[in-house]
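**Student:** Can you read through this structure? Questions will come right after.
The values are calculated or read from the model by the stated rules, or taken from the named source; none is laboratory data. Just so we're clear, the structure is a prediction, and the values are computed from it rather than from any experiment. Here the Cβ is made from the backbone with ideal geometry for all residues, glycine too, and neighbour counts use every protein chain on show.
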Amino acid sequence: MTDVSDLLHDRAEPPSPPPAAAYAVADAAARAAGVGIRTLDSVADLEAVRRLYERIWRTGESSPVVTADLLRALAKAGSYISGAYHEGELVGSCFGFFSPPARGALHSHIAGVLPGARRRNIGFALKLHQRAWALAQGVGEICWTYDPLVRRNAYFNLAKLAAEPAEYLPDFYGPIDDGINRSDHSDRILVRWTLAAQDTAAACAGRPRRVDARAALDRGAAVALGVSPGGGPSEARTTHGAQTVLVAVPEDIEGLRESDPACAASWRGAVRDVLAGLLGDGGRVRGFDPAGWYLVDRGDTSQETA
């Protein structure tokens, strides 16, 4: 759903690992998660993916996340569609399609795991399988988007997979009619996963990219966006001179959308203003602390956040 060709820069790429080695790492992750993962192309399997996504995003049949016939067309065109199975039940799925230049990168559109099967690293196993498949196709990079307010997704993408944030996309998909996003704007961060990078290989081997917000503060970092006593966002008056700044996100934005929609909306606006502003000024997200902080190295320390 997005053209990422403008994000593919001319640069010396590290040599790609053999696909067999990547598949071995992916198979080990799948065994550890207690699932089997395979690519899918039959109508029956793709219809099961449609139903799975409806359960995960709570959309109902009237507003499916994706249709089986579209998945069938993507599979025929050579795109990536996989399913994770536990004792014969489909519990997770991931699909993506190629983006320009032709077959040079894969855009991973949707990945999801049933709520009851989470915390077993099934999503991690799915992404490692996707990486191995992409390397076997000669693809060196996978891009996808995620909601910057969801802590577990920020940690998963930036730490556990060591993907690199590339762009902040305000209200990227427009209104999304499901039980998770509700009426919130669909802001997303586009990340780029360089499949042969050392950080990627380390993350796939179980060594995530870790950052420590407390240690950064001790070294002179400043808080650009914090949490108020009432649980809402609190923007700093100034971060003048700080090379590294911290940007907070709420503990549970999905729960907040249900319990306090106004507070959830204030978080969306504040993170958009601060984080998108930092990236637009040349800042680079170094990583995400699971305590709820983005660490951003600024491109221009003369700028102020107000």
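**Student:** Only one of Ala215, Ala221, Ala196 is in contact with a strand residue (DSSP E or B) (Cβ under 7 Å, 6 or more places away or on another chain) and over 18 Å from Tyr146 (Cβ atoms). Can you tell me which?
**Tutor:** Every option except Ala221 fails the conditions.
**Student:** Suppose we filter the stretch 243-269 for residues that are crowded, with 20+ Cβ neighbours inside 10 Å and either closer than 20 Å to Arg286 by Cα or assigned by TED's automatic domain parsing to the domain that holds Ala154 (or both); how many remain?
**Tutor:** Total meeting the criteria: 7.
**Student:** Only one residue in Gly123, Gly116 is within 14 Å of the chain's Cα centre (by Cα) and on the phi < 0 side of the Ramachandran plot. Which one?
**Tutor:** After applying the criteria, what remains is Gly123.
**Student:** What pairs can you find where one residue is in the stretch 114-125 and among the polar types (S, T, N, Q), the other is modelled with pLDDT of 95 or more and assigned to a helix (DSSP H, G or I), and their Cβ atoms are less than 9 Å apart, with a gap of 6+ or different chains?
**Tutor:** Asn121/Ala29; Asn121/Ala32; Asn121/Ala33; Asn121/Lys160
**Student:** Quick one: count up the residues across the stretch 187-206 that are out of contact with any helix residue (DSSP H, G or I) (no Cβ under 9 Å at 6 or more places or on another chain) and either exposed (fewer than 13 other Cβ atoms within 10 Å of the Cβ) or under 30 Å from His240 (Cα atoms) (or both).
**Tutor:** Residues that pass the stated criteria total 2.
**Student:** Another question, if that's okay. Any residue that is in contact with an Asp or Glu (Cβ under 6 Å, 6 or more places away or on another chain), touching a residue at least 12 places away in the same chain (Cβ under 8 Å) and among the hydroxyl-bearing types (Ser, Thr, Tyr) - is there at least one of those in the stretch 168-184?
**Tutor:** no
Here is a yes/no grid of residues against (1) surrounded by 19 or more Cβ atoms within 10 Å (Cβ to Cβ); (2) outside any loop (DSSP other than H, G, I, E, B); (3) touching a Phe, Trp or Tyr at 6+ places or on another chain (Cβ under 8 Å); (4) assigned by TED's automatic domain parsing to the domain that holds Glu47:
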residue: Leu74; (1), (2), (3), (4): yes, yes, yes, yes
residue: Ala84; (1), (2), (3), (4): yes, yes, no, yes
residue: Val91; (1), (2), (3), (4): yes, yes, yes, yes
residue: His107; (1), (2), (3), (4): yes, yes, yes, yes
residue: Arg120; (1), (2), (3), (4): no, no, no, yes
residue: Phe124; (1), (2), (3), (4): yes, yes, yes, yes
residue: Trp133; (1), (2), (3), (4): yes, yes, yes, yes
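**Student:** Tally time: how many residues in the stretch 17-65 are in contact (Cβ under 8 Å) with a residue 12 or more places away in the chain and of a type in the set (Lys, Arg)?
**Tutor:** 4
**Student:** Check Gly174 against each of (1) touching a helix residue (DSSP H, G or I) at 6+ places or on another chain (Cβ under 9 Å); (2) among the small types (Gly, Ala, Ser); (3) surrounded by fewer than 15 Cβ atoms within 10 Å (Cβ to Cβ) and name the one condition it does not meet.
**Tutor:** Looking at each condition in turn, Gly174 falls short on (1).
**Student:** Please work out which residue is nearest to the chain's Cα centre (by Cα), limiting yourself to the stretch 270-285 and to residues that are buried (at least 17 other Cβ atoms within 10 Å of the Cβ) and more than 14 Å from Gly232 (Cβ to Cβ).
**Tutor:** Once the filter is applied, the top-ranked residue is Val285.
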